[in-house]
Amino acid sequence: MAVSVSECDAMIAAAARAGRVLQVGQVERFNPALMAARPFLGQPKFIEGHRMAAFQPRSLDIDVVGDLMIHDIDAVLHLTGQMPSQISAVGVAVLSSTEDIANARLEFEDGCVANLTASRVSVERLRRLRFFQGNAYVSVDLFEKTGEAFVIKDPGSFKPGEVNPLALLAGIQRTKLEVAPGEPLTLELQAFVRSLRGQGEGAAPAKAGRDALRVAEDVREAMRRRALQWTER
């Protein structure tokens with residue numbers, strides 16, 4: 001959305017003064033695979049994200065957190081509906097002067113933990129989110145736009161340590177996500193236009209863009225602290 005949170009605040013204030021709509025292009029919110037997974041997601045306890053890309057001589061003025069991880073940060077904030085209470089992270093500069101690969105651990109007040117990895121020095125292209133919760137496991141491939149869910153049919157009938165493995169497997173329903181056709185960017189722009197007509201929520205609100213950038217800044221600070229600890233050893 002901007003280079004800093006203070007710039008986000010200035011943009012939000014300017015839009016309010018002018019009476020204008022300000023939204024942010026967090027395109028993964030409109031990925032059909034993630035949209036198809038929403039009905040299966042309740043209160044995830046662990047979220048794992050991997051976003052990998054081959055090295056490209058672009059966007060090298062920012063680190064991999066702002067280049068790639070920001071998309072998964074927004075997805076996690078959007079799906080959990082909360083900001084992390086604690087962040088730890090590590091990053092390494094490989095082919096540029098800023099971090100090209102990073103891992104962040106976001107911890108939330110309700111006990112949920114999100115572990116996000118982003119790399120722009122990978123030999124494969126990957127965009128995947130996995131969700132683990134009390135009654136289900138949901139895996140979403142954002143690149144291929146596919147996914148599946150493994151749901152316990154009757155969670156109340158199983159008790160930890162007292163489960164027959166065969167009975168447990170029989171009680172799990174595997175479902176291939178029904179992913180609707182559509183290109184995320186097109187769907188996002190259509191939603192934005194509809195919101196201007198008063199026909200829906202639109203794209204990500206400006207506050208969501210600010211929140212994602214705030215978390216990204218906190219991830220960067222956590223990476224710097226970790227790097228300093230290494231240097232002092």
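Output the number of the condition that Phe131 fails; it satisfies all remaining conditions of (1) touching a strand residue (DSSP E or B) at 6+ places or on another chain (Cβ under 8 Å); (2) not in a strand (DSSP E or B). Status for Phe131: all satisfied but (2). Just one of (1) surrounded by fewer than 19 Cβ atoms within 10 Å (Cβ to Cβ); (2) over 14 Å from the mean Cα position of the chain (by Cα) fails for Asp63. It is (1). Would you please name the residue that is modelled with the lowest pLDDT, looking only at residues in the stretch 98-125 that are hydroxyl-bearing (Ser, Thr, Tyr) and closer than 14 Å to Gly66 by Cα? Among them, the one singled out is Thr98. The condition of being at pLDDT 95 or above and of a type outside the set (A, V, I, L, M, F, W, C) holds for only one of Asp67, Asp154, Asp74, that being Asp74.
When the residues of the stretch 177-199 are narrowed to those that are of a type in the set (Val, Ile, Thr) and in a helix (DSSP H, G or I), which ends up nearest to the chain's Cα centre (by Cα)? Talk me through it step by step, then tell me what you get.
Pass one, the stretch 177-199, residues of a type in the set (Val, Ile, Thr): 179, 186, 193.
Now restrict to residues that are in a helix (DSSP H, G or I): 186, 193.
On the way: Thr186: 20, Val193: 24 Å.
Filtering the stretch 177-199 for residues that are of a type in the set (Val, Ile, Thr) and in a helix (DSSP H, G or I), the one nearest to the chain's Cα centre (by Cα) comes out as Thr186.
Among the candidates Met35, Met11, the residue that is within 26 Å of Leu142 (Cβ to Cβ), out of contact with any strand residue (DSSP E or B) (no Cβ under 9 Å at 6 or more places or on another chain), in a helix (DSSP H, G or I) and in contact (Cβ under 8 Å) with a residue 24 or more places away in the chain is uniquely Met35. Scanning the stretch 95-152 for residues that are among the polar types (S, T, N, Q) and touching a residue at least 60 places away in the same chain (Cβ under 8 Å) gives Asn115, Thr117, Ser119, Ser122, Gln133, Asn135, Thr146.
Against the test of being crowded, with 17+ Cβ neighbours inside 10 Å and in contact with a Phe, Trp or Tyr (Cβ under 9 Å, 6 or more places away or on another chain), the options Thr117, Thr80 yield a single qualifying residue, Thr80. Report whether or not Asp110 is of a type in the set (Asp, Glu), touching a helix residue (DSSP H, G or I) at 6+ places or on another chain (Cβ under 9 Å), surrounded by fewer than 23 Cβ atoms within 10 Å (Cβ to Cβ) and more than 18 Å from Arg29 (Cβ to Cβ). Spelling it out, Asp110 is indeed of a type in the set (Asp, Glu), touching a helix residue (DSSP H, G or I) at 6+ places or on another chain (Cβ under 9 Å), surrounded by fewer than 23 Cβ atoms within 10 Å (Cβ to Cβ) and more than 18 Å from Arg29 (Cβ to Cβ).
Number of residues in the stretch 38-60 that are under 30 Å from Ile172 (Cβ atoms) and assigned to a loop (DSSP other than H, G, I, E, B) equals 5. Exactly one of (1) under 29 Å from Gln86 (Cα atoms); (2) outside any strand (DSSP E or B) is unmet by Ser139. Its number? Only one criterion is unmet by Ser139, namely (2).
The values are calculated or read from the model by the stated rules, or taken from the named source; none is laboratory data. Predicted, not measured: the structure shown is a model, and the values here were computed from it. Using ideal geometry, Cβ is built from the backbone for each residue, glycine included, and neighbour counts are taken over all protein chains shown.
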